[in-house]
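What follows draws every value from the coordinates through simple rules; no lab data is involved. In this text, all values refer to a predicted model and were calculated from it rather than measured experimentally. Positions of Cβ are backbone-derived with ideal geometry, glycine not excepted, and every protein chain shown enters the neighbour counts.
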Amino acid sequence: MIVVFGGHGQLGRELTHAASTRAIALQALSHAQADIADAAAVAAALARWKPSLVVNAAAYTKVDLAESETEAARQANEIGAATVATACAAVDLPLVHVSTDYVFDGRKDGAYRESDPVCPINVYGRTKAAGEDAVRAVLKNHIILRTAWVYSEFGHNFLKTVLRLAATREELRIVADQQGSPTSAGELAEAILNAASVFQHDRALAGTYHFTAAGVTTWHGFASRIVAAAAPITGRIPRLVPIGTADYPTAAKRPANSCLDCRLFVDTFGFLPRHWTVGVDATTRLVAASGQDTERQSENKSEHRVA
Ligand SMILES: NC(=O)c1ccc[n+]([C@@H]2O[C@H](COP(=O)([O-])OP(=O)(O)OC[C@H]3O[C@@H](n4cnc5c(N)ncnc54)[C@H](OP(=O)(O)O)[C@@H]3O)[C@@H](O)[C@H]2O)c1
């Protein structure tokens, strides 16, 4: 049995789906069912479900709001991470804790390795980096898995924002000077389940890893791919105008380079990421064909790459 905290987020829902297709027993707990900053709630969840491994997919992910809601971000991303890791340590459970490229400043020339020093440039990144440190401090038996640019058919994300805006606008202005690897939450869930099963049998593999889709693009390149994949279904082809980060100021600074080097994860767990275009095409077609309500959530971090 695997217990997932943050089970109703993008990744949590994809973990549930991936586990069901592999006949893996997994209990996904929503924020309402278990607040990870609440030690008694976390301990009670572990006592009730008696997992053999825990995944912490819970996080405060509203990057711009975090600049003003600093304490809320800290509660989930730092205190919550520490609380989950402490509860796992108390009953000797392995933990997969999900983290982010935002622990880096994005100024490196080339993809970030796990050994690169962290240097977050916004509150979200600082709280996530503090959460990583807390996990390392209290639980040897952990995998910290950093990822980036996550999207899925669930929740609020850049892919769904682009589809929603493309439905009504003739022109979208999209940031073209930040680069990264758009990563399907479904593929990330597969990678986590794969790593979890290996890690459960070899705790010597504990440590920090990176996982994203393969290949690199910009938010503008990501949007272009979404529009192209959706056009045969929606008939909509808005103009996509590349803009610079400076043309669209946001509350939180973003790293210009979000690329993560995933070789250590691939070599250790034998799970190869697909090129980012594969997941983007598939998820775009799914969302466009289902005519999902891609409702607005202006505080979502992905919203701010589109003007
Ligand atoms: N999305 C990205 O682009 C991205 C990029 C890099 C890394 N990551 C990391 O990937 C992981 C999964 O992210 P995601 O995209 O699935 O985020 P998400 O869709 O925002 O889901 C996060 C979930 O965590 C829950 N949550 C927040 N505070 C909590 C708390 N104190 N206790 C329990 N649950 C809590 C949220 O519930 P409520 O909504 O009810 O509060 C939400 O369901 C996170 O660690 C995130 O930092 C994400």
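Say whether the condition of being more than 10 Å from the ligand (Cβ to nearest atom), buried (at least 21 other Cβ atoms within 10 Å of the Cβ) and among the β-branched types (Val, Ile, Thr) is met by at least one residue in the stretch 101-114.
No, the stretch 101-114 contains no residue that is more than 10 Å from the ligand (Cβ to nearest atom), buried (at least 21 other Cβ atoms within 10 Å of the Cβ) and among the β-branched types (Val, Ile, Thr).
For the stretch 128-177, which residues satisfy the criterion of being touching a strand residue (DSSP E or B) at 6+ places or on another chain (Cβ under 6 Å), surrounded by fewer than 24 Cβ atoms within 10 Å (Cβ to Cβ) and not hydrophobic (A, V, I, L, M, F, W, C)?
Scanning the stretch 128-177 gives Glu132, Glu171, Arg173.
How many residues are within 7 Å of the ligand (Cβ to nearest atom) and more than 19 Å from Val91 (Cβ to Cβ) when one looks only at the stretch 53-67?
Adding up the residues that qualify gives 4.
For residues that are of a type in the set (Lys, Arg) and in contact (Cβ under 8 Å) with a residue 12 or more places away in the chain, scanning just the stretch 37-65, find the one that is nearest to Thr83 (Cα to Cα). Before you say what the answer is, go through the steps one by one.
Step one: filter the stretch 37-65 for residues of a type in the set (Lys, Arg), giving 48, 50, 62.
Still in the running and in contact (Cβ under 8 Å) with a residue 12 or more places away in the chain: 50, 62.
Details: Lys50: 17, Lys62: 21 Å.
So the residue we want is Lys50.
Would the stretch 6-21 turn up any residue that is of a type outside the set (Val, Ile, Thr), at positive phi, within 16 Å of the chain's Cα centre (by Cα) and within 7 Å of the ligand (Cβ to nearest atom)? Reasoning before the result, please.
Going through the stretch 6-21, the residues of a type outside the set (Val, Ile, Thr) turn out to be 6-15, 17-20.
Imposing the further condition that a residue be at positive phi reduces the set to 6.
Subset that is within 16 Å of the chain's Cα centre (by Cα): 6.
Subset that is within 7 Å of the ligand (Cβ to nearest atom): 6.
Scanning the stretch 6-21, I find at least one residue that is of a type outside the set (Val, Ile, Thr), at positive phi, within 16 Å of the chain's Cα centre (by Cα) and within 7 Å of the ligand (Cβ to nearest atom), so the answer is yes.
Would you tally the residues in the stretch 238-269 being free of Cβ contacts under 8 Å to residues at least 12 places away in the same chain and of a type outside the set (D, E, K, R)? Step through it out loud before you land on a result.
Start the filter on the stretch 238-269 by keeping residues that are free of Cβ contacts under 8 Å to residues at least 12 places away in the same chain, which leaves 246, 249, 263, 266-267.
Next, from what is left, pick out any that are of a type outside the set (D, E, K, R): 246, 249, 266.
Result for the stretch 238-269: 3.
Quick check: is even one residue across the stretch 15-22 charged (D, E, K, R), surrounded by 16 or more Cβ atoms within 10 Å (Cβ to Cβ) and in contact (Cβ under 8 Å) with a residue 12 or more places away in the chain? I'd like the intermediate steps shown before the answer.
First, pick out the residues of the stretch 15-22 that are charged (D, E, K, R): 22.
Filter again for surrounded by 16 or more Cβ atoms within 10 Å (Cβ to Cβ), leaving none.
Looking for residues that are charged (D, E, K, R), surrounded by 16 or more Cβ atoms within 10 Å (Cβ to Cβ) and in contact (Cβ under 8 Å) with a residue 12 or more places away in the chain, one finds none in the stretch 15-22, hence no.
Can you give me the ranges of the helices (runs of 4 or more DSSP H) entirely in the stretch 117-217 with at least 1 residues that are more than 23 Å from Pro273 (Cα to Cα)? Explain how you work it out, then say what you get.
On the way: elements: 123-138, 158-166, 185-201.
By residue number, 123-138, 158-166.
Confirm whether Ala230 is away from the ligand (no atom under 15 Å from the Cβ), without any contact (Cβ under 8 Å) to a residue 12 or more places away in the chain and assigned to a helix (DSSP H, G or I).
Details: away from the ligand (no atom under 15 Å from the Cβ): yes; without any contact (Cβ under 8 Å) to a residue 12 or more places away in the chain: no; assigned to a helix (DSSP H, G or I): yes.
No, not satisfied.
Take Ala28 and decide whether it is within 17 Å of the chain's Cα centre (by Cα), more than 9 Å from the ligand (Cβ to nearest atom), more than 25 Å from Asn194 (Cα to Cα) and of a type in the set (A, V, I, L, M). It would help to see each step written out before you state the result.
Working: within 17 Å of the chain's Cα centre (by Cα): yes; more than 9 Å from the ligand (Cβ to nearest atom): yes; more than 25 Å from Asn194 (Cα to Cα): no; of a type in the set (A, V, I, L, M): yes.
So Ala28 fails the test.
For the stretch 31-52, give me each residue that is charged (D, E, K, R) and away from the ligand (no atom under 14 Å from the Cβ).
Arg48, Lys50
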